[in-house]
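Worksheet: the structure to be examined is printed underneath.
Laboratory data are not the source of any read-out in this text; all were calculated from the coordinates shown. What you see is a predicted model, and the numbers here were worked out from it, not measured in a lab. Note that each Cβ is placed from the backbone with ideal geometry, even for glycine, and that neighbours are counted across all protein chains shown.
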Amino acid sequence: MSKALYELTLHAAWAALQRGDFSAVELTQSLLDRIAQVDGQVNAYLTVTAELALAQAAAADDRRSRGETAPLLGIPLAVKDVLCTEGVRTTCGSRILEHFIPPYTATAVHRLAAAGMVLLGKTNTDEFAMGSSTENSGYFPTHNPWDLARVPGGSSGGSGAAVAAQMAMAALGSDTGGSVRLPASYCGVVGLKPSYGRVSRYGLVAYGSSLDQIGVLAKDVRDAALLLGVIAGQDPHDSTTMPAPVPPYSQLLSEDVRGLRIGLPDEYFVEGLQPEVNAAVQAAIDVLAGLGAEVVRISLPNTDKALPVYYLVATAEASANLARFDGVRYGFSADSANILDNYRDSRGQGFGAEVKRRIMLGTYVLSAGYYDAYYLKAQQVRTLIKQDFESAFTQVDLIASPVAPTTAFRLGEKVDDPLAMYLSDLFTIPLNLAGMCGISVPCGFDAQGLPIGLQLMGPHLGEATLLRAAHAYEQATPWHSRWA
Amino acid sequence: MHLTSEEVRHVAELAKLRLSEQELALYAGQLSAILEYAERLQQVETSCVAPTPYVLPLVNVWAEDLPAPSLPNELATANAPDREDGFFRVRAVFEE
C-alpha cells in the first residue's frame, strides 16, 4: 500500500521532490486536503494560508525545474501563531490581536522561507503562549488527535496536533516552560527546545524574555535536526543569540551512543508519576543502556523549587512585556472617553483570564515592598537550579526523565485550578530556568493508547549530542512510526 | 499570605487592567494560593547567592553603526486603531 504524500517525513518528502517523484504543488495539495479533512475535529490551525501555500509551492517547483535546490525547497510547514509573519495575520491566540497583520517576519520564519518552505498556516496556542493545554486560546481549544476528548498539551498545542494528525510535515513552536516538549509528549511527536540563545527570538512575541526559545515539532529526530540547522545561529536583530557556529546537526546523527553517560535525576522519578509513564521511561533508559550508554543516578536537589521560581520570574517578565498592548499602536482598542480609561478598558476586555492572572501576579511581585521577597528571591534560587544542572553535566553528558508526570488530560479537567495546570510543567520548567537544551521523543503508550514522551536534556549548546542520542533511541524503537 | 480585594484592586490599577468585581474576587483567591505555594522559596538560604536574571555569558554585544532603511511610516502605523497624517491618534490625555 503506498503512502499518501502527507504521511511522509520531511526528509523523505524532500528526497522525493529532488528525484521528481511528485511536485511541491502535489505535496502541498495533499497537506491542504488533509487539513480540510481532519482539522474540523482537531482545530489545530487558527489561519490556513492555502492560496499563499500553493503559490509558494509553484514557485518552489519552478526553482527546482531550473536546477536550483534548498534544504526545505517545497516543504509545507506550519508556524505557531506567536511568530510574526509579514502580511499574514498573527493573533498570539489572543482576541487583542485578532486583526493584527505584522509588518515584518520573525527571523526563524524568515530563515525557513529562505530555505524554500511552503507556509501552510498559523497554529493555535494558549493566549500569548501562557498555558499547558491550548485551552487558553482566545478562539477555540485544540483537540488531541489520539483522543479528541483530551488536550494536546500547550502552549504549542496547535503545532503538536498539526504534526501528529499529519496536517503539516513539521511546525515551529515556542518553549518558555515546556511549551514545545509538553505538546510533543502528549501528541506523540518529537519536540526540540534549543538552548537559550541558539535561535533568534526576533519576531517572537515576547512572553518571558529570559526563558523564551523557539523550537520545532517534527515527525522524527532527523527532521528536527534538519530544521534546527536552518533556524539556528546568530542574528543581528537579537543580541541574545550566541555567536557559536551552527554544526550540521542532521549530518552528525548516528545510532551510536556507546560511552555516553546518561544521568537519571532522583527528583524526577517520584510519587505522583503515572505508573505507565514511569515504566515507559525506565524501558527507554534500558534501551539506551542496551545501545551502550552508561546510566548513572544523579541528583538535581533544587528541582522542587523550579515551579515557584518560574511562576514568579515568567510572570514578572510577562507583565512588563505585555505592557505594550495599550490600545493605541496596534490591537484591540476599547471605546473609552480618555487615554487612561482606554488603557484599562482595552486591556481588561482584550486579554483573557490566564493572561490577566499572570499580568496581575507579575505586577504584584515587581511592586514596591514585594520585589526583594519574591522576584529577587526567585532569581537567586534560579541560580541554584542552574548550578544543579552545571554540576550534573560535569558527571554526565545527558539527563533523562519523563516529559510530564502523566499523559494527556481531559479538556476542561484543569481549567478552574491554575495551580494544578501549572504542575503539568514540573519536569520541563527547570531546563528553561537553566537555559539549556532538551527534547521530547515518543517512548510508548499508556493503557488508553495515549502517547508518552521521554525527555533528554543536554548542556548549553549541547544540541548535537542531544539529537544523536535521541536519534539512536528512536531508531531502536517502533514508537515514531505510529500515527493517530 | 492572603491578598485583600483592596490589594488586588491596587495591582490591577498598576497593570492598567479594568477588572470586574467577580474577577477581583477570583484573582484574590487564586493569586493568594499561588503566592502561598511560592512561600517555600523563603526557606532557601540565599544570602550569598547572586541572582540570575539572564543565563548567557554574553555582555556588551556591539553592532556596527550602519545606516539602513527603517520601517516606512505607512507600515509602522498600519495596525493602529486610529491614526491621522502618519501619527497614532489617542483619546484625550488632559480632562477639560
Out of B:THR4, A:GLY229, A:ALA408 - ranked by how far each Cα lies towards the positive end of the dipole of the protein assembly as shown, with unit charges on the beta-carbon of charged residues - the top one is A:GLY229
From the cross-link list A:LYS122/A:LYS386; A:LYS219/B:LYS16; A:LYS122/A:LYS305; A:LYS122/A:LYS414, the entries with a Cα-Cα span beyond 31 Å are A:LYS122/A:LYS386; A:LYS219/B:LYS16; A:LYS122/A:LYS305
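Normalising by the residue count of the range B:1-42, find the relative contact order in percent from Cα pairs under 8 Å and 6+ residues apart.
Taking the mean separation of contacting Cα pairs over the length of the range B:1-42, I get 56 percent.
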Hydrodynamic radius by Kirkwood for the range A:180-325, inverse mean 1/r across distinct Cα pairs, in Å, is 18.0
Could you calculate, for the range B:1-42, the ratio of the Cα radius of gyration to the Kirkwood radius, expressed as Rg to Rh? 1.02
Counting only C-alpha contacts under 8 Å and six or more residues apart, can you give the relative contact order of the range A:112-258 as a whole percent? 18
Using the eigenvalues of the Cα gyration tensor, what equivalent ellipsoid semi-axes result for the protein assembly as shown when each is taken as the square root of five times the eigenvalue, whole Å, largest first? 35, 31, 22
Separation between the B:ALA63 and A:LEU340 pseudo-spin-labels, each 7 Å from Cα along Cα→Cβ, expressed in nm? 3.6
Report the relative contact order of chain A, percent, no decimals, based on alpha-carbon pairs under 8 angstrom and at least 6 residues apart. 17
